Amino acid sequence: MKEIVIVLLVAVLIFFIGSDARYTKSEPVIITDTVYQQKTFTKFIKGNSIPFVVLDTIYIVETDTITIVKDYNQVKVYSDTMRIDSLGYAYIQDTISQNKIQGRGFSANFNLPTITITKLIEPKSKNQLYLGFIGDLKHSNGQIGIGGSIALKTAKNTLYTATATMNGYSFGYYKKF
């Protein structure tokens, strides 16, 4: 009988050593996504609200008065385009007549990035249940016993065990430090 128990214990031990143990640790999955939004801004300002400073005055003596008055009464439009990094373009348009700014227009067309970072964390299992085999040897009478065991690991890292063998029963409580 003793040899049968030893053979069974060795078979159970070989079974546990040869089985494929899997440890899965859940790492957070980080997903980064960049979405571009098209933004367009337009603004117009009347000329009399724009401040100005006279920098220089040029007097041309040899032109006729009709050319000067014609140039003075013309409505001229000045346009400028500026590239702002990789975001897009800004457009400025000034309307000038009679040596005054009659209006100023501003328009911008930007491609603004919106970066979204999503962090997915897999939930941990609350409780884990383990089943297994156990073998023991009593020192008092030299009896070998085999049996089964059940263990419950809780989410708070507490372990409860219950074991039944041919030699008796045992219960355990373990706490992780």
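No value in this document is a laboratory result; all are computed from the given coordinates. These figures come from a predicted structure and were not determined experimentally. Virtual Cβ from ideal backbone geometry, glycine too; neighbours counted across all protein chains shown.
Summary of values
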quantity	calculated
Relative intensity, log₁₀ I(q)/I(0), of the stretch 125-170 from a Debye sum that treats every alpha carbon as a point, q = 0.16, 0.23, 0.26 Å⁻¹	-0.50, -0.75, -0.85
Cα-projected label distance for Gln38 with Lys76, points at 7 Å along beta-carbon direction, nm	3.5 nm
Chain lengthening between Gln128 and Ala151 when straightened (0.36 nm per residue, less Cα-Cα)	7.5 nm
Local electrostatic count, Val75, Cβ distance below 13 Å [Lys/Arg +1, Asp/Glu -1]	+1
Rough spin-label spacing in nm, given labels placed 7 Å along Cα→Cβ, for Thr118 and Thr67	6.9 nm
Nonlocal amide H pairs with Gln143, under 5 Å, H built at 1.01 Å	Lys138
Inter-site label distance for Tyr160 and Tyr89 at 7 Å from Cα along Cβ, in nm	7.3 nm
